[in-house]
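Before I ask anything, here is the structure I am working with.
The values are calculated or read from the model by the stated rules, or taken from the named source; none is laboratory data. Just so we're clear, the structure is a prediction, and the values are computed from it rather than from any experiment. Because the Cβ atoms are built from the backbone with ideal geometry, glycine has one as well, and the counts that use them run over all protein chains shown.
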Amino acid sequence: MSEYRSMGSVKTSAELSERLIAPAEFAPLPRVPEKAHPQGPLSQSLIHDGRTFGNRFAILPMEGWDATSDGKPTDLTTRRWKRFGASGAKMIWGTEAVAVRHDGRANPNQLIISDANLSALADLRQVMVDEHHRSFGKTDDLVVGLQLTHSGRFARPHRKDRFEPLCIVENPVLDARYGISSAQTKATDDDLDRLIEDFIRGAVLAQKAGFDFVDLKHCHGYLGHELLGARHRPGKFGGSLENRMRFLAEITAGVRSKAPGLKIGVRLSIFDCVPYRPGKDNVGIPEETPGGYDLAFGSGPNGTGIDLSETLEFLQGCVQLGIRWICTTAGSPYYTPHIQRPAQFPPSDGYLPPEDPCLGVARQIAATGWLKARRPELLFVGSGYSYLQDWLPQVGEAVVGAGLADMVGLGRMVLAYPELPADLLAGKPLDRKRICRTFSDCTTGPRKGMISGCFPLDPFYKVMPEAEIVRSYRTASAKAD
């Protein structure tokens with residue numbers, strides 16, 4: 001159990017404001033209001049890059065590890081997408097990660113975009129849009145994207161317990177942790193050239209399926225993100241930032257040519273750090289790296305602190321490529337979960353937070369705001385809000401009202417309580433029994449080879465056999481701590 005005060009103990013906005021402390025290099029965060037207002041900043045529509053967004057809520061990509069072996073949706077997938085549609089959010093950012101080819105899957109039950117799966121994905125999108133129309137009467141202010149991915153060093157296309165990586169750089173720390181050899185599984189430039197074509201093909205299919213945009217994923221340690229830290233990789237995809245962005249630039253050019261009119265977004269880990277591991281009493285500590293660590297994009301020396309200078313250059317490159325939509329996140333759920341998705345309770349393979357999770361939330365908000373101030377022409381969707389629990393609407397209102405982000409992204413929260421945006425904007429009291437408490441069971445499930453879902457709070461998942469198994473892991477972890 002974490003030593004830090006739970007969010008349930010926060011009784012006033014003043015208390016929360018005292019805990020949401022931005023790092024010293026960023027401006028202080030705005031004060032949190034006591035109440036969020038149904039007609040406040042989160043309710044306001046936004047027109048950006050020719051599209052209308054009916055409000056300032058976005059649903060972040062949330063996977064269930066529940067597709068068929070050939071990458072088609074199941075009833076569980078359809079249920080989740082329908083709930084996204086009923087959420088009331090007017091942007092569905094990426095919906096969930098969809099592999100552009102079989103070997104890029106993060107698990108054997110990830111969706112795949114292919115000619116064979118096109119009609120199933122089109123039907124899945126239509127089910128979500130129809131549910132949104134049924135609930136809210138219109139869809140002309142709803143924008144829906146599909147996240148395209150290759151999982152790189154974290155690919156597990158055939159077995160949930162075996163990595164089959166395609167690495168970008170050698171990383172001794174992660175090699176030792178996961179028992180792989182990045183030197184032997186490193187992608188060649190020719191491999192990446194072929195993968196570029198797979199992403200372009202996936203984008204063409206996404207447009208045929210009716211999606212408004214594709215997210216070219218550059219976050220969380222997967223292939224696109226690992227490329228951004230490839231400072232020491234030789235060849236045309238490594239070294240300079242221009243080379244490290246070549247993958248994105250060539251995909252973008254291909255999409256513009258073969259899928260004209262399709263919008264492009266990037267979900268980006270705007271900063272990272274040296275990998276962490278469990279230390280004394282299972283509290284996270286940084287890995288020892290005697291030779292230094294120069295693989296973290298957006299970090300300071302040796303993977304410590306934050307340095308957004310290259311991140312800002314990356315965003316300038318996006319502007320030049322005509323990319324206008326950015327969804328910010330940080331780190332990786334595999335090796336730095338406390339900076340990626342702050343939580344009170346770790347997943348089964350994680351560690352207890354080495355800091356107040358509120359600091360992790362504040363760090364992402366402040367860094368996103370710093371970038372927004374310098375690249376105001378971009379639309380920014382922020383992440384990391386679920387830990388705020390009951391206070392999420394108030395903080396989101398303060399952030400959007402202060403111009404630190406354009407939209408508030410919801411991830412884990414919508415697994416338990418997808419209608420939170422709709423309830424808030426309708427002036428209804430929030431259903432506190434459905435608010436995510438960051439138990440991390442939605443991560444523990446797939447880490448143990450099962451599906452993902454909100455086992456503690458969603459009645460549908462709560463009665464599944466997997467719920468008891470996941471709960472036993474959490475109980476055992478709490479006793480060990």
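Condition test on I21, is it buried (at least 22 other Cβ atoms within 10 Å of the Cβ) and either of a type in the set (S, T, N, Q) or under 30 Å from G369 (Cα atoms) (or both)?
Spelling it out, it is not the case that I21 is buried (at least 22 other Cβ atoms within 10 Å of the Cβ) and either of a type in the set (S, T, N, Q) or under 30 Å from G369 (Cα atoms) (or both).
Another question, then. Would you check if there is a residue in the range 432-451 being without any contact (Cβ under 8 Å) to a residue 40 or more places away in the chain, surrounded by fewer than 19 Cβ atoms within 10 Å (Cβ to Cβ) and in contact with a helix residue (DSSP H, G or I) (Cβ under 6 Å, 6 or more places away or on another chain)?
Yes, that holds for at least one residue.
Taking N107, is it polar (S, T, N, Q) and within 28 Å of A330 (Cα to Cα)?
Answer is yes for this residue.
Within the range 259-304, track down each residue that is within 21 Å of the chain's Cα centre (by Cα) and at positive phi.
G298, G303
All but one of (1) farther than 18 Å from P41 by Cα; (2) touching a Leu at 6+ places or on another chain (Cβ under 6 Å) hold for D406; state the number of the condition that does not hold.
Condition (1) is where D406 drops out.
Residues of the range 170-196 being touching a strand residue (DSSP E or B) at 6+ places or on another chain (Cβ under 7 Å) and hydroxyl-bearing (S, T, Y), which ones?
S182, T185
For the range 394-415, which positions are in a helix (DSSP H, G or I) and under 21 Å from S440 (Cα atoms)?
Those that are in a helix (DSSP H, G or I) and under 21 Å from S440 (Cα atoms): M413, V414, L415.
Then there is this: Go through G360, G369 for me and flag whichever is farther than 25 Å from K280 by Cα and either surrounded by 21 or more Cβ atoms within 10 Å (Cβ to Cβ) or aliphatic (A, V, I, L, M) (or both). If you could, list the steps in order and put the result at the bottom.
Values: G360 fails: farther than 25 Å from K280 by Cα.
Just a single option satisfies the conditions, and that option is G369.
Given the criteria over 19 Å from the mean Cα position of the chain (by Cα) and farther than 21 Å from S440 by Cα, does I47 qualify?
Taking the combined requirement at face value, the residue satisfies it.
Pick from the range 458-473 the residues that are touching a residue at least 40 places away in the same chain (Cβ under 8 Å) and surrounded by fewer than 19 Cβ atoms within 10 Å (Cβ to Cβ): which of them is nearest to G350 (Cα to Cα)?
Result: Y473.
Still on this structure: Search the range 33-77 for residues being surrounded by fewer than 18 Cβ atoms within 10 Å (Cβ to Cβ) and of a type in the set (G, A, S), and hand back the single one that is nearest to K90 (Cα to Cα).
Ranking the candidates gives S45 first.
Only one of (1) over 23 Å from I47 (Cβ atoms); (2) of a type in the set (A, V, I, L, M); (3) touching an Asp or Glu at 6+ places or on another chain (Cβ under 6 Å) fails for L379. Which number is that?
So the condition that L379 fails would be (1).
While we're looking at this one, here's another question. Return the total of residues in the range 110-150 being part of a loop (DSSP other than H, G, I, E, B), buried (at least 18 other Cβ atoms within 10 Å of the Cβ) and small (G, A, S).
Matching residues across the range 110-150 total 1.
Just the residues that are over 19 Å from the mean Cα position of the chain (by Cα) and surrounded by 20 or more Cβ atoms within 10 Å (Cβ to Cβ), please, taken from the range 83-98. Spell out how you get there, then give the answer.
Step one: list which residues in the range 83-98 are over 19 Å from the mean Cα position of the chain (by Cα), which gives 86, 88.
Across the range 83-98, the qualifying residue is only G88.
Continuing with this model, one more query. Check the range 442-465 and report whether any residue there is within 20 Å of the chain's Cα centre (by Cα), in a loop (DSSP other than H, G, I, E, B) and over 27 Å from R159 (Cβ atoms).
no
Within the set of pairs 6 or more residues apart or between chains, which connect a residue that is within 12 Å of K90 (Cβ to Cβ) and among the charged types (D, E, K, R) inside the range 124-142 to a residue that is part of a loop (DSSP other than H, G, I, E, B) and at pLDDT 95 or above with Cβ atoms less than 6 Å apart?
If the second residue must be part of a loop (DSSP other than H, G, I, E, B) and at pLDDT 95 or above, the pairs left are D141/G54; D141/K90.
Could you list, in sequence order, all residues of the range 416-441 that are part of a loop (DSSP other than H, G, I, E, B) and over 17 Å from the mean Cα position of the chain (by Cα)?
Y417, E419, A426, G427, K428, P429, L430, D431, I435, R437, F439
Go through the range 283-316 and give me each residue that's surrounded by fewer than 16 Cβ atoms within 10 Å (Cβ to Cβ) and of a type in the set (G, A, S).
G291, G292, G300, G305, S309
Give, as residue ranges, the strands (runs of 3 or more DSSP E) completely inside the range 208-310 that count at least 3 residues that are under 23 Å from L174 (Cβ atoms).
Qualifying strands (runs of 3 or more DSSP E): 263-269, 276-278, 284-286.
Still on this structure, please answer the following. What pairs can you find where one residue is in the range 216-237 and touching a residue at least 40 places away in the same chain (Cβ under 8 Å), the other is of a type in the set (D, E) and surrounded by fewer than 24 Cβ atoms within 10 Å (Cβ to Cβ), and their Cβ atoms are less than 8 Å apart, with a gap of 6+ or different chains?
Correct list of pairs: L228/E310; G229/D294; R231/D294; H232/D294; G235/D189; K236/D189; F237/D189.
Can you say whether P30 is in contact (Cβ under 8 Å) with a residue 40 or more places away in the chain, out of contact with any Ser or Thr (no Cβ under 8 Å at 6 or more places or on another chain) and either within 25 Å of M91 (Cβ to Cβ) or surrounded by 22 or more Cβ atoms within 10 Å (Cβ to Cβ) (or both), as far as the supplied structure shows?
Against the criterion (in contact (Cβ under 8 Å) with a residue 40 or more places away in the chain, out of contact with any Ser or Thr (no Cβ under 8 Å at 6 or more places or on another chain) and either within 25 Å of M91 (Cβ to Cβ) or surrounded by 22 or more Cβ atoms within 10 Å (Cβ to Cβ) (or both)), P30 qualifies.
Within the range 153-182, can you find the residues that are surrounded by fewer than 13 Cβ atoms within 10 Å (Cβ to Cβ) and in contact with a helix residue (DSSP H, G or I) (Cβ under 8 Å, 6 or more places away or on another chain)?
S181
Assuming L241 fulfils every condition listed in (1) of a type in the set (A, V, I, L, M); (2) touching a Gly at 6+ places or on another chain (Cβ under 9 Å); (3) surrounded by 20 or more Cβ atoms within 10 Å (Cβ to Cβ) apart from one, which condition is it?
(3)
Considering only the range 328-380, state which residues are among the hydrophobic types (A, V, I, L, M, F, W, C) and part of a helix (DSSP H, G or I).
Scanning the range 328-380 gives I339, C358, L359, V361, A362, I365, A366, A367, W370, L371, A373.
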